[in-house]
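To start, the structure under review is shown below, and the notes come after it.
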Amino acid sequence: MDRSHITMAQGAGGEAMQGLIKEVILKALATDTGSPVQLTDLDDSSVVGDVVFTTDAHTVKPLFFPGGDIGMLSVCGTINDVSVLGAKPEALSLAMVVEEGFSADDLERALTSAGETAKAAGVPIVTGDTKVVEKGAIDKLVMVTSAFGYRHPKLDENFERVHITRQTKKQWLTDSNLGEGDVIISSGYLGDHGIALLSFREGYGFKTPLESDTAALNGLMDTIINVGGVVAAKDPTRGGLANTLNEWAEKSGIGVHVMEEDIPIRQGVRSACELLGLDPLEIGNEGKVIVAVVEEAAEEVLAAMRSHPNGKDAAIIGRTDASLKGVALETEVGSLRVMDPPIGDPIPRIC
Ligand code: MG
């Protein structure tokens, strides 16, 4: 890692960011709290006593984009990080740093959106902070949201169903929980958020206009946990599916085998990626969850996901495979290639 200056890649969710996290951030901040899920686990949230807690900073550019805006994104992203660990989010905080000269109408628009999104998701914003900095000190507006929640009331039953098949390392839906025979499900189309934002920002004007998938997933997670048999869940944000599956494979110590033809990707995203030389599996999402489920429960979980508006395009995309190391992608022509973790996100500032 370059120790003299911070680079964009170090904030992009891939390998370069892992270097910054492990060599600097954890070294400075980590303390062993004795909790089953803590900072050093690098999961979506941490567990503190009976509370699940998380925080996110949002620097998306532009602030308003097709399918969402910074206010909606901030609320959804944080609700999702609490939800995918197996908790029910209870309340949010929202802090903002505003650049002097920023449009008051735009600030109101972003905050109204945050408030409406929080209300619709049933997770109120209960505290916050506002700072204004001089022109040029930041780019317009930064929002920081935190949330806490409690263990989902059905999470114990969810794991009882898992434990009929096998034991798990953790009793939360963590990255380290995958084991032999698990089925991997995507809740829907991948790559929409990053590509919608990039094409809008750069004015590409693709034939099919794409919208961000930004959505709060606490309702969908509720549906999934109620079925039971889920071992892990993660929202594939920066670094996309490739990053999610590599984190799972590494932390769980098991290979993952995915089928390219089964991964839902819209034609518009596919074409844009081909044109721009991007891999849709490395593109960030803001309204999708990847879940690992014991085989016995997979079809039932899939059906439940499809019955929910945020999971109607859900699909089984792969399985764990103890004979593999890392992530293998079986291509449409039947060859197997390594799906490496992305170095950095190819599209900066999408969240
Ligand atoms: Mg996350």
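The values are calculated or read from the model by the stated rules, or taken from the named source; none is laboratory data. Please read all numbers here as calculations on a predicted model, not as lab measurements. Backbone-built Cβ (ideal geometry, glycine too); neighbour counts: all protein chains shown. In case anyone asks, the SASA skips ligands and DNA or RNA and just uses the protein heavy atoms, side chains included. Shrake-Rupley method; radii C 1.70, N 1.55, O 1.52, S 1.80 Å.
Within the group 246, 226, which residue is outside any loop (DSSP other than H, G, I, E, B) and within 16 Å of the ligand (Cβ to nearest atom)?
246
Taking residue 264 as meeting all but one of (1) away from the ligand (no atom under 16 Å from the Cβ); (2) in a helix (DSSP H, G or I); (3) open to solvent by 10 Å² or more (accessible area, probe 1.4 Å), write down the number of the exception.
(2) is the only condition that residue 264 fails.
Is it the case that some residue within the stretch 278-286 is open to solvent by 20 Å² or more (accessible area, probe 1.4 Å) and without any contact (Cβ under 8 Å) to a residue 12 or more places away in the chain?
No, the conditions are met nowhere in the stretch 278-286.
Restricting to strands (runs of 3 or more DSSP E) lying wholly in the stretch 76-170: which have 3 or more residues that are at pLDDT 95 or above, surrounded by 15 or more Cβ atoms within 10 Å (Cβ to Cβ) and not hydroxyl-bearing (Ser, Thr, Tyr)?
Those strands (runs of 3 or more DSSP E) span 87-99, 141-151.
Has the stretch 171-184 got at least one residue that is open to solvent by less than 60 Å² (accessible area, probe 1.4 Å), within 15 Å of the ligand (Cβ to nearest atom) and among the aliphatic types (A, V, I, L, M)?
Scanning the stretch 171-184, I find at least one residue that is open to solvent by less than 60 Å² (accessible area, probe 1.4 Å), within 15 Å of the ligand (Cβ to nearest atom) and among the aliphatic types (A, V, I, L, M), so the answer is yes.
Can you name the residue in the stretch 204-215 that is more than 22 Å from residue 303 (Cβ to Cβ) and either open to solvent by less than 60 Å² (accessible area, probe 1.4 Å) or within 14 Å of the ligand (Cβ to nearest atom) (or both) and is also nearest to the chain's Cα centre (by Cα) among such residues?
By that ranking, first place goes to 214.
If you go through the stretch 217-242 one residue at a time, how many are open to solvent by 20 Å² or more (accessible area, probe 1.4 Å) and within 17 Å of the chain's Cα centre (by Cα)?
5
Out of (1) within 16 Å of the ligand (Cβ to nearest atom); (2) surrounded by fewer than 22 Cβ atoms within 10 Å (Cβ to Cβ); (3) closer than 16 Å to residue 186 by Cβ, the odd one out for residue 290 is which?
(2)
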